[in-house]
Amino acid sequence: MAHSEPMRWEGDRIVILDQRRLPQERVERALCNVGDVVDAIVTMAVRGAPLIGIVAAYGLVLAARHGRASVLEAAHMLRTARPTAVNLMRAVDRMRAIVATASDHAIVQALEQEAHAIAQEEARANYAIGIWALQLIRPEDGVLTHCNAGALATAPYGTATAPMYIAHEQGRAVKVYATETRPVLQGARLTAYELAQAGIDVTLITDSMVGTLMAQGKVHAVVVGADRIAANGDTANKIGTYTIAVLAKAHNIPLYVTAPTSSIDARTPTGAHIPIEERDASEVTTIQGTLVAPVGVHVYNPAFDITPHHLITAIVTEQGIIRAPYEDKIARL
Ligand code: MRU
């Protein structure tokens, strides 16, 4: 199956698909140094928790060409480029551990190998998540997803989309509802795009339609990704996930969080300790560059919210399906 490929490594550069331009245009952009990589992550030309970890890892390979000190400086810039997704910090820390042990002449090669390992592990995790999560979805179910936890956010199968891609590959019918996901519209621009490209039955709705859809009995399961899962199972994901989780609970619909173990942060005790990124007001006052609000209006723009663990039916990682109580099971992962 043709999946949307969000990035590739070309030995001396990272080539990304600029996600800000989708779905209107498929524009590739070369990232040739750490400044380019930081800019691409901050401006969300590349986004999605696992993907920013992978791209940051390759960014450190680029930095290594200028010596060990450059890698450490770059590691600091990349680690802080976006605060919520823990995959970014985890990937950078893995690369830093390599720097600590590699000799000067082998550092570039050692870092490149580690970046490949991170990318391959995420790809394998996606497929395994899909196989596990598929057990939770019955044929003909209407499945709602939020934001983009798809191939564009990570590696071939995505996380929340992995069961949908695998069901489709197996010839099983799957009906997906994708929320548009204001303010940056990852659901409309990316999830609807990549699923439709793959030939999957996807219906786009605005964020405010979720309750109606659930009340009409059209949604049988909610499957979302995660940017960070705390030790007690509380989960940070794209803003709006919490609202959907409350609605799902009210309608007795299961909500599954799908994420690789690289999104689990057992050192963060609860969701209250997860740093939530606040982004520029222009994301709310404009839609694709067009002003939709009065100039100067006060804006609050948290990019993520916390879904408390009691609203999560199960967490699916590459290692399997876990259900509440989460604390011990997460510690073991
Ligand atoms: O701000 P983004 O687009 O980088 O947000 C990350 C996400 O895509 C979602 O929160 C997603 O559900 C988790 S990442 C697979």
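The values are calculated or read from the model by the stated rules, or taken from the named source; none is laboratory data. For clarity, every value in this text was computed on a predicted model and none was experimentally measured. Heads up, the Cβs are rebuilt from the backbone with ideal geometry, glycines too, and the neighbour counts pull from every protein chain shown. Side chains included, ligands, DNA and RNA excluded: accessible areas come from the protein's heavy atoms. Shrake-Rupley method; radii C 1.70, N 1.55, O 1.52, S 1.80 Å.
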Whole-number accessible area per residue in Å² for region 247-333, which is evaluated in the context of all protein chains at 1.4 Å: 54
Convex hull over the alpha-carbon atoms of region 215-333: what's its volume per residue in Å³? 135
Theoretical FRET efficiency, 1/(1+(r/R0)^6), r = Cβ-Cβ of Ala266 and Ala117, R0 25 Å, to 0.05: 0.75
With the other protein chains left in place, how much accessible area per residue, in square angstrom, belongs to region 1-151 at a 1.4 angstrom probe? 41
Counting DSSP beta bridges in the chain, what percent are antiparallel, to the nearest 5? 50
Let me have the relative contact order for region 208-333, percent, based on Cα pairs under 8 Å that are six or more residues apart. 33
Which listed residue (Gly187, Met77, Ala281) has the Cα farthest towards the positive end of the charge dipole for the chain, taking +1 on Lys and Arg C-beta and -1 on Asp and Glu C-beta about the Cα centre? Gly187
For region 180-254, list log₁₀ I(q)/I(0) at each q in 0.13, 0.20, 0.26 Å⁻¹, using the Debye formula over Cα point scatterers of equal strength and ignoring solvent, two decimals each. -0.43, -0.99, -1.34
Taking the mean number of other Cβ atoms within 10 Å as a proxy for protection, how do you rank 126-137, 218-229, 246-257, 282-293 from highest to lowest? 218-229, 126-137, 246-257, 282-293
When the chain is treated as a Gaussian network with springs between alpha carbons less than 10 Å apart, the largest mean-square fluctuation among Pro294, Pro50, Pro139 is found at Pro294
How large is the dipole of region 207-333 about the Cα centre if only Lys and Arg carry +1 and Asp and Glu carry -1, each at its Cβ, rounded to the nearest 20 debye? 400
Based only on Cα atoms, what mean projected area does the convex hull of region 122-256 have, in nm²? 7.5
What ranking do 302-308, 8-14, 258-264 get when scored by the average of other Cβ atoms within 10 Å per residue, highest first? 258-264, 302-308, 8-14
Please report, ordered by residue number, every helix of the chain (full DSSP H runs) that is 30 Å or longer along its axis going by C-alpha atoms and whose mean Kyte-Doolittle hydropathy reaches 0.0. 107-134
Unit-weight point scatterers at every alpha-carbon of the chain, Debye formula, q = 0.09, 0.10, 0.15 1/Å: log10 I(q)/I(0) is -0.44, -0.55, -1.24
A correct Karplus calculation of ³J(HN,Hα) over region 191-196, with 6.51 cos²θ - 1.76 cosθ + 1.60, θ = phi - 60°, whole Hz and x for Gly and Pro, returns 5, 4, 5, 6, 5, 5
Estimated 222 nm signal from helices in the chain, with DSSP H stretches of n ≥ 4 weighted -39500 (n - 2.57), rounded to 500: -11000 deg cm²/dmol
Between region 10-56 and region 219-248, how many Å separate their Cα centres? 26
How big is region 33-74 on each of its three principal axes, counting only the C-alpha atoms and giving the largest first in Å? 29, 16, 12
Return the ratio Rg/(2.2 N^0.38 Å) for region 48-105, where Rg is computed over Cα atoms only. 1.04
Counting only protein heavy atoms and a 1.4 Å probe, tell me what percentage of the chain's accessible area is made up of carbon and sulfur. 54
List the lysines whose Cα lies under 25 Å from the Cα of Lys218, skipping any in the same chain that are fewer than 8 positions away. Lys175, Lys238, Lys249
When the dipole is taken about the Cα centre of the chain, and only Lys, Arg (+1) and Asp, Glu (-1) are charged at their Cβ, what size is it in debye, to the nearest 20? 360
For Glu5 paired with Gln319, estimate the spin-label separation in nm (one decimal), with each label point 7 Å from Cα along the Cα-to-Cβ line. 3.1
For region 1-49, I need the span (max minus min coordinate) of the C-alpha atoms along each principal axis, in Å, sorted largest to smallest. 30, 23, 21
Treating the beta-carbon of each Lys and Arg as +1 and of each Asp and Glu as -1, no other charges, what is the dipole magnitude of region 146-257 about its Cα centre, to the nearest 20 debye? 140
Can you give the accessible area of Met7, probe radius 1.4 Å, in Å² rounded to 10? 40
Looking at region 131-220, which GluC sites (Glu not before Pro) are in a loop (DSSP not H, G, I, E or B) and have at most 11 other Cβ atoms within 10 Å? Glu140
Write down Rg/Rh for region 1-159, rounded to two decimals, with Rg from the C-alpha atoms and Rh from the Kirkwood relation over Cα pairs. 1.00
Packing-ranked peptide list from 154-166, 61-73, highest mean Cβ count within 10 angstrom first, is 154-166, 61-73
